[in-house]
Amino acid sequence: MNKPQSWEARADAYSLYGFTDLPSVASRGAVVLTHGEGPYVVDVNGRRYLDANSGLWNMVAGFDHKGLAEAAKAQYDRFPGYHAFFGRLSDQTVMLSEKLVEVSPFERGKVFYTNSGSEANDTMVKMLWFLHASEGKPERRKILTRWNAYHGVTVISASMTGKPYNEVFGLPLPGFIHLTCPHYWRYGTEGETEEQFTARLARELEDTILREGPDTIAGFFAEPVQGAGGVIPPSQGYFQAVLPILRKYGIPMIADEVITGFGRTGNTWGCLTYDFMPDAIISSKNLTAGLFPMGAVILGPDLTDRLQAAIDRIEEFPHGFTASGHPVGCAIALKAIDVVMNEGLAENVKRLAPRLEAGLRAIMDRSDHIGELRGVGFMWALEAVRDKATKTPFDSSLSVSERIANACTDLGLICRPLGQSIVLCPPFILTEAQMDEIFDKLERALKKVFAEVA
Ligand SMILES: *Cc1c(COP(=O)(O)O)cnc(C)c1O
């Protein structure tokens, strides 16, 4: 068989695309990339794109950070791979666990490693099931999450994810319960204040717990800001309203900080930005600044003690991945945490977030078809609407957000369509001039597409 000639055709011929709008690829071809420079990526034809999505939220230090690459190379030279089973683990793994607990909001805790955010959520669910059973509550197995939550793609984490696309897999599994998404602009009812909306969601949580039976619930998982669901910050007072209810019924609260961890919201953790204390934190994506596949479960003091007691009873926790706590991943994560926290990246997010918000708000105010700007720190979404006053969306057959993203790509800007919104989550190294490039290209793309569809 003759191989097709172009990179685009070769990609089509042999690669099965995940989470990809196939009509866009069919008409435009895949973008095949060779390398990156700062926040830019470069394709096989030499075209440069400002990646306003940090790859997939994770390349926060850009695409050519020398120190990160050097940390990886040094560790590959020193000790290129190991596991963390049988009481053997690398020095890097020990140091990273110390570091993660130190930078966590917990006064003490323990860390368990995976290869991805999905696996970290699966691991946390298994920990909860195991812990409750060990404490004589084997029926505590149901998991509470929210609609539009994104927790991953493995069987458990996809069941936790609150998106209709998982129906094609016959998911969610039974026992995964989805509560109302805390998006006031979209789900608040006529005449309802934001405060009343939050109170309604808190009542729904308590009603659900009582209906299902408090002793059947294993845990509640929430992203501080829903990310892949469309960049949805919580409604006012949301976590302050739900946490006392969870505490009342002894239900652990897990913060999925895979996106919000390590500076994305302007603080080290999203739970600090929204002022609540979870029982455990799920980390991935930014953890290695995108240079290594790695996830982590960071347990707070209460879950650490209870899980450790459960494990002590059977003398082993029968769980782990071959590459859990991989020395190269841990060395990169140690460096990434240092880079984000001590090389001015977290500072840059804090300093420039108001400028990013203001620029996007100005674009919204000048457009008749951006209904909402929402976000925090360096994560924002602009929601396209046919009618601003009634919040009426465009007909989904128009694929408005895909068109906008494609128009941006044509201008050399990568941003992501999500439902009817456009997501911007630039690398933390972004400069003011690069931010202006985003504003300029985005606004030109919006004007072009709205002129076509409106
Ligand atoms: C991306 C993401 C995950 C899944 O991480 P993978 O590494 O893709 O498995 C889980 N939770 C949140 C909040 C995410 O954004």
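The values are calculated or read from the model by the stated rules, or taken from the named source; none is laboratory data. All values derive from a computational prediction rather than experimental measurement. Please note: Cβ atoms are built from the backbone with ideal geometry, for glycine as well, and neighbour counts cover all protein chains shown. Note: areas computed on protein heavy atoms with side chains; ligands, DNA, RNA excluded. Shrake-Rupley method; radii C 1.70, N 1.55, O 1.52, S 1.80 Å.
Using the structure shown, decide if residue 256 is under 15 Å from residue 121 (Cβ atoms) and among the acidic types (Asp, Glu).
yes
Check the range 70-90 and report whether any residue there is within 16 Å of the ligand (Cβ to nearest atom) and in contact (Cβ under 8 Å) with a residue 40 or more places away in the chain.
no
Where in the range 361-454 are the strands (runs of 3 or more DSSP E), entirely inside, with at least 2 residues that are of a type outside the set (Ser, Thr, Tyr) and over 14 Å from residue 53 (Cβ atoms)?
370-376, 379-384
Has the range 173-181 got any residue that is out of contact with any strand residue (DSSP E or B) (no Cβ under 9 Å at 6 or more places or on another chain), open to solvent by 20 Å² or more (accessible area, probe 1.4 Å), over 24 Å from residue 306 (Cα atoms) and within 15 Å of the ligand (Cβ to nearest atom)?
No.
Restricting attention to helices (runs of 4 or more DSSP H) lying wholly within the range 66-173, give those where 1 or more residues are over 22 Å from the mean Cα position of the chain (by Cα).
Correct list: 66-78, 91-103, 117-134.
So that you can scan it fast, the table gives a plain yes or no per residue for (1) touching a helix residue (DSSP H, G or I) at 6+ places or on another chain (Cβ under 8 Å); (2) surrounded by fewer than 17 Cβ atoms within 10 Å (Cβ to Cβ); (3) under 26 Å from residue 65 (Cα atoms); (4) not assigned by TED's automatic domain parsing to the domain that holds residue 233:
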residue	(1), (2), (3), (4)
330	yes, no, yes, no
367	yes, no, no, yes
390	no, yes, no, yes
397	no, yes, no, yes
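Can residue 155 be described as away from the ligand (no atom under 16 Å from the Cβ), modelled with pLDDT of 95 or more and open to solvent by 20 Å² or more (accessible area, probe 1.4 Å)?
Considered against the rule, which asks whether it is away from the ligand (no atom under 16 Å from the Cβ), modelled with pLDDT of 95 or more and open to solvent by 20 Å² or more (accessible area, probe 1.4 Å), residue 155 comes out as no.
Can you say whether residue 124 is of a type outside the set (Ser, Thr, Tyr) and either within 16 Å of the ligand (Cβ to nearest atom) or open to solvent by less than 10 Å² (accessible area, probe 1.4 Å) (or both), as far as the supplied structure shows?
In short, yes.
A quick yes/no check of all residues on (1) of a type in the set (Gly, Ala, Ser); (2) without any contact (Cβ under 8 Å) to a residue 60 or more places away in the chain:
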{"site": "386", "(1), (2)": "no, no"}
{"site": "390", "(1), (2)": "no, yes"}
{"site": "397", "(1), (2)": "yes, yes"}
{"site": "400", "(1), (2)": "no, yes"}
{"site": "403", "(1), (2)": "no, yes"}
{"site": "410", "(1), (2)": "no, yes"}
{"site": "413", "(1), (2)": "no, no"}
{"site": "416", "(1), (2)": "no, no"}
{"site": "423", "(1), (2)": "no, no"}
